[in-house]
Amino acid sequence: MDYNFKAIEEKWQKYWKEKEIYKVDIDHGKPKFYVLDMFPYPSGAGLHVGHPLGYIASDIYSRFKRLQGFNVLHPMGFDAFGLPAEQYAIQTGQHPALTTENNIKRYREQLDKIGFSFDWSREVRTCDPKYYKWTQWAFLQMFRHWYDNKTNKAEPIGNLIDEFEKNGTKNIDASCTEQLIFSAAEWKNKSEKEQQEILLNYRIAYLADTMVNWCPALGTVLANDEVKDGFSVRGGHPVVQKEMKQWSLRISAYAGRLLNGLDTIDWTESLKEMQRFWIGRSEGAEINFDIINTNKKLLIFTTRPDTIYGATFMVLAPEHEYVDEITTSEYKKDVNTYREETKKRTERERMAEVKKINGQFTGACAFNPFTKQNIQIWISDYVLAGYGTGAIMAVPAHDSRDYAFAKHFGLPITEVIAGGDISQGAFDSKDGVVINSEIINGLVAKDAIVKINDEIEKMGIGKRKINYRLRDAIFSRQRYWGEPFPIYFKDEIPYPVDEKNLPLELSEVDVYLPTEKGEPPLGRAKNWKNADGYPYELSTMPGFAGSSAYYLRYMDPHNDKELVSKKADEYWRNVDLYIGGAEHATGHLIYARFWNKFLFDLGLVCEEEPFKKLINQGMILGVSELIHSITPYFLKDQPITTTYNYIWCNGIYEIKDKNGNKIDAEVYYSADMADEVLTNLNHLEDKDKTKMIKFNIPIYCTQDHTLFDFISFKKWRGNFSPTYSVFVCKDGYWIISGYNDKITKENWYPLNPKNNNSGNFFTTPIVEKLSKSKLNVIPPDNTYNEDGSIKQEGIIEKYGADTLRMYEMFLGPLEQAKPWDTNGIEGVHKFLRKLWRLCHGKENNFSVSDGEPTKEELKILHKTIKKIREDIENFSFNTSVSAFMICVNEFTDLKCSKKKIIEPLVIILSPFAPHIAEELWNQLGNKESICNAKFPEYDENYLKENTFNYPVSFNGKTRYNLELPMGISNEEIQDTILKHELSQKWLDGKTPKKFIIVAGKIINVVV
RNA sequence: GCCCAGGUGGCGGAAUUGGUAGACGCGCUGGACUUAAAAUCCAGUGAUCAGCAACGGUCGUGCCGGUUCAACUCCGGCCCCGGGUACCA
């Protein structure tokens, strides 16, 4: 073999490791540069080809910066707490710490094979107690602080207590859950418990009632994506919305700063836009409406107080605390029915179904303080409890949703802004003059808002208000595999664990399931209480807890005295370049910014924004395979006789095999007949409840969109599947039975034994993101069967890491999503071989010559240096790979392998393909690693052109090309064009109206 | 639904500021070398019409319309696909 990538890559990976080439320390002699990747969650499926995409990009950038003389911090670690490990633990009984450890080992092995320049001495793992000590520590700081709107920062809770003792709430302007008013005397008269409850109202980490997806059958809270159509995805159990006490972080206090901070950072506009929308600043007013026949006031928030004369009814979220109290006896039953229905739907479903108008009158009315009319109070799905105050004044003439609602229920519509046609639809625009509105008539909306706000404040019924959609982050998870809260409860009041007792380590449990009482798994732990016998919190922290400040730990990872030392923080400051997926836009990237701002308020970090520049790598999409089944509803004994005449229910119901024996089975349908099966169902009773369901199955069970390895499918289904699985094909059916090790070989039952042909069971392919949850991951390296034989050959083994690195970059623009497809990989590999051959000739002897390069050769080299440099700076790595290919093709054509050309070429290639570059660098006689070389500068003088081959167009259409010297005048060009024989045809005897000449670009003749 | 991104040959993509659409690579077709294969090299390759020929014509960047000497690029409207939508990470 000429280019022996295997030997080269192993050799240099070993060398880099032994010489600690990538270890960095604080070095005030060099400018720092901090390049960070979003660290991976080590799933059991291993690293897939999507992960390295961003890592390769950041590695190229890191190596480039290093070649430019920067001291580059480029660390890596693992986001190791999370749901999948816990699910696996539930299924197998293995401790998640153990499986996580194994997964990390596998990830590390895979990462090492790709030749990244990570400084592994700085590795962090979020599940390591030495690490989560600081996650817990930060949480305690949030518990011990409150947000003062006057100083606009977090302040110690002690200050607040002092103020309560002196003046009560009089001078307090705090971010809090509920506005409280009490005097100093009242404060002092409160019991300890009452005082602690009040403080929770102010703490940045606080306990509050929030809505969760509760699954009674599983005894646990589910994530939204674990719920579909009101049922749990696993097991199909009903899920309801339930109120539960949960830890929350008062991120809403930081909404304004999170919004303004966006203007100071170099992120893509689209990402900033997403965060701006997520934060959702809106200026408006809070207004109280009296509720008729009660002494209650209904507080609403509106951005359009100018339309208050058009407010003809009110709508509350079905969960609004007033609903029970105000509903009249006549409507109790209907309201309760409606609320029960709502409870079954997640918030996302409620938002998604705006076209289905529904709601319920409560029987109560409110008083519109401006029109002096009584207006009805309704409840409806489209008002969400978490937004604003959970109540709106509906202005059907000027809000589309209110309009649809009013039309549907026959509620009055009053036009108050001229300019639309309210018989046709709502006029939502603010461009119009106010009418039918007494005191603000004739004003444009903008002025009307000012005037009506003044009036509202004068009347004492409300005030101007800036509202943010950003909600406080719910910080409790009813799970085991996460950071324990350093909190114990005394008399139901939470108290912080003393900092010197951190970390509070996760306790062992017998099984990773909720207790019978429905407590989180930690409820099973023995002695889960402090030295005084007070019980610890049973929930754990969510996934984003550990990832919110990890970039700070990398600066000083072994410090057990501080989260990060001042020295390290002041040198490394913040992340200069952060690369990761756009799917984190509104999760991690907001939480981390919040977390950092909080630490900034405490003076612990010197930069207010953690990530200066951010690039989103696009997702690598893969092909997933879906299997078809039918919703479980239909209970009947059905003999399997023919494919179409009978439909089997899916689920654990009785079905008979062809011998008439009852079997306990689930049934799947081949994709080519699934629709037909569903159609056949239509004549059956209960057909409305029948639905086709499709779900992802592991792609390793499939081949060419066919389920081909039934045994591994059955193993994957595991305990979620009944004993038998029936796979119905057009020409027969397969029956597989048993669990795990006791799965029978597949049995094929053709419908017509004489015509025993295919038995192909088709699945439906779809292109979607590579993800463990989609079961479609493709690893970059070999995967092995249990017996040690190769299951699938990886790219690294087949082509080498340098090829993988360059190919992933070659796939397309970094930021765009692209499907994974190995078709083009040969071309990239060929390029590296070509480079090798350029330096080694046909005989594979290193043969680089010492001659002086020609002008032409220097031009190619400097053109490439310039291009590569610009491309790296623009993160346009796909075009760099093309440029390298063109360059090597050109030198091959010129048979140029001069040292003065090859040496700089190898340096600029080294960020992309470090192994081959290091090898060639070494062969060129260099003793030090190429990592310590200097990135060459290009010389503009070599790039100058004397002539330009102009495209000549007539009326914008290119007709011919013409080589002209650079720098000649437009008149000369015009003359040459007019005389040119090819021009005659297009001028057709006419005189040109106009010449457009862009020097060095184009000539256009307008005829 | 809402927010964000994207749509260019058979495929991945290029065209960085409105200036030659299809760079580079894959695939495919034909050829050279070879006993043969692999490897390597050479030529062709958007569609279509016409032709003995060619620096031939026309069309062509999701769809419809607009601005401009000139539009993949800018503007308006629509369609499709992907991500997120607050407990997947």
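The values are calculated or read from the model by the stated rules, or taken from the named source; none is laboratory data. Every value quoted in this text rests on a predicted model; they were computed, and no experiment measured them. Virtual Cβ from ideal backbone geometry, glycine too; neighbours counted across all protein chains shown. With ligands, DNA and RNA removed, areas are computed over all heavy atoms of the protein, side chains included. Shrake-Rupley method; radii C 1.70, N 1.55, O 1.52, S 1.80 Å.
Do we find a residue being of a type in the set (A, V, I, L, M), surrounded by fewer than 18 Cβ atoms within 10 Å (Cβ to Cβ) and over 25 Å from A:PHE64 (Cα atoms) anywhere in the stretch A:878-890? No: zero hits.
Here is a yes/no grid of residues against (1) of a type in the set (Gly, Ala, Ser); (2) part of a helix (DSSP H, G or I); (3) without any contact (Cβ under 8 Å) to a residue 40 or more places away in the chain:
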{"site": "A:THR337", "(1), (2), (3)": "no, yes, yes"}
{"site": "A:ALA364", "(1), (2), (3)": "yes, no, no"}
{"site": "A:TRP378", "(1), (2), (3)": "no, no, no"}
{"site": "A:LEU384", "(1), (2), (3)": "no, no, no"}
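Look through A:ASN922, A:ASN932 and report the one residue that is in the same structural domain as A:PHE877 (by TED's automatic domain parsing) and closer than 17 Å to A:PHE846 by Cβ. Result of the check over A:ASN922, A:ASN932: A:ASN922. At least 2 residues being free of Cβ contacts under 8 Å to residues at least 24 places away in the same chain and open to solvent by 40 Å² or more (accessible area, probe 1.4 Å) is the threshold, and among the strands (runs of 3 or more DSSP E) wholly inside the stretch A:391-505 not one reaches it. Reported count of residues in the stretch A:280-333, each being among the polar types (S, T, N, Q) and either closer than 29 Å to A:ASP428 by Cα or touching a helix residue (DSSP H, G or I) at 6+ places or on another chain (Cβ under 7 Å) (or both), is 8. At least 3 residues being closer than 30 Å to A:VAL667 by Cβ and over 20 Å from the mean Cα position of the chain (by Cα) is the threshold, and among the strands (runs of 3 or more DSSP E) wholly inside the stretch A:576-634 those reaching it are A:620-630. Cβ-Cβ distances below 9 Å connect the following pairs, each with a first residue in the stretch A:207-228 that is without any contact (Cβ under 8 Å) to a residue 24 or more places away in the chain and more than 25 Å from A:PHE143 (Cβ to Cβ), a second residue that is among the aromatic types (Phe, Trp, Tyr) and within 12 Å of RNA strand B (Cβ to nearest atom), and a separation of six or more residues or different chains: A:LEU222/A:TRP214. Consider A:ASN823 against the criteria (1) surrounded by 12 or more Cβ atoms within 10 Å (Cβ to Cβ); (2) of a type outside the set (Gly, Ala, Ser); (3) assigned to a helix (DSSP H, G or I): it satisfies all of them except one. Which criterion is unmet? If we test A:ASN823 against (1) surrounded by 12 or more Cβ atoms within 10 Å (Cβ to Cβ); (2) of a type outside the set (Gly, Ala, Ser); (3) assigned to a helix (DSSP H, G or I), just (1) comes out false. When you scan the stretch A:960-970, do you find a residue that is away from RNA strand B (no atom under 13 Å from the Cβ), β-branched (Val, Ile, Thr) and part of a loop (DSSP other than H, G, I, E, B), even just one? Yes, that holds for at least one residue. Residue count for the stretch A:583-599, restricted to those that are at pLDDT 90 or above and over 18 Å from A:GLU155 (Cβ atoms): 6.
Condition check ((1) in a helix (DSSP H, G or I); (2) at pLDDT below 95) across all residues:
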site: A:ILE886; (1), (2): yes, yes
site: A:GLU890; (1), (2): yes, yes
site: A:CYS896; (1), (2): no, yes
site: A:LYS900; (1), (2): yes, yes
site: A:PRO904; (1), (2): yes, no
site: A:ILE907; (1), (2): yes, no
site: A:ALA917; (1), (2): yes, no
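Cβ-Cβ distances below 7 Å connect the following pairs, each with a first residue in the stretch A:597-620 that is within 23 Å of A:TRP146 (Cβ to Cβ) and free of Cβ contacts under 8 Å to residues at least 12 places away in the same chain, a second residue that is in a loop (DSSP other than H, G, I, E, B) and not aliphatic (A, V, I, L, M), and a separation of six or more residues or different chains: A:PHE600/A:GLU608.
What's the number of the condition A:TYR550 fails, among (1) open to solvent by less than 30 Å² (accessible area, probe 1.4 Å); (2) away from RNA strand B (no atom under 14 Å from the Cβ); (3) aromatic (Phe, Trp, Tyr); (4) in contact (Cβ under 8 Å) with a residue 24 or more places away in the chain? The failed condition is (2).
Taken as a whole, the structure places A:PHE78 among residues that are touching a helix residue (DSSP H, G or I) at 6+ places or on another chain (Cβ under 9 Å), under 16 Å from A:THR126 (Cβ atoms) and open to solvent by less than 10 Å² (accessible area, probe 1.4 Å). For the condition farther than 24 Å from A:SER476 by Cβ and in a loop (DSSP other than H, G, I, E, B), A:GLY158 does not qualify. Of the set (1) within 16 Å of RNA strand B (Cβ to nearest atom); (2) in contact (Cβ under 8 Å) with a residue 12 or more places away in the chain, all apply to A:ALA917 but (1). Mind checking whether some residue in the stretch A:76-89 is farther than 29 Å from A:PHE594 by Cβ and assigned by TED's automatic domain parsing to the domain that holds A:ASP59? Yes: one or more hits. Of the residues A:GLU101, A:GLU86, the single one that is among the acidic types (Asp, Glu) and either assigned to a loop (DSSP other than H, G, I, E, B) or buried (at least 20 other Cβ atoms within 10 Å of the Cβ) (or both) is A:GLU86. Of all the listed residues (A:TYR206, A:TYR254), the sole one being open to solvent by less than 10 Å² (accessible area, probe 1.4 Å), of a type in the set (Ser, Thr, Tyr) and away from RNA strand B (no atom under 11 Å from the Cβ) is A:TYR254.
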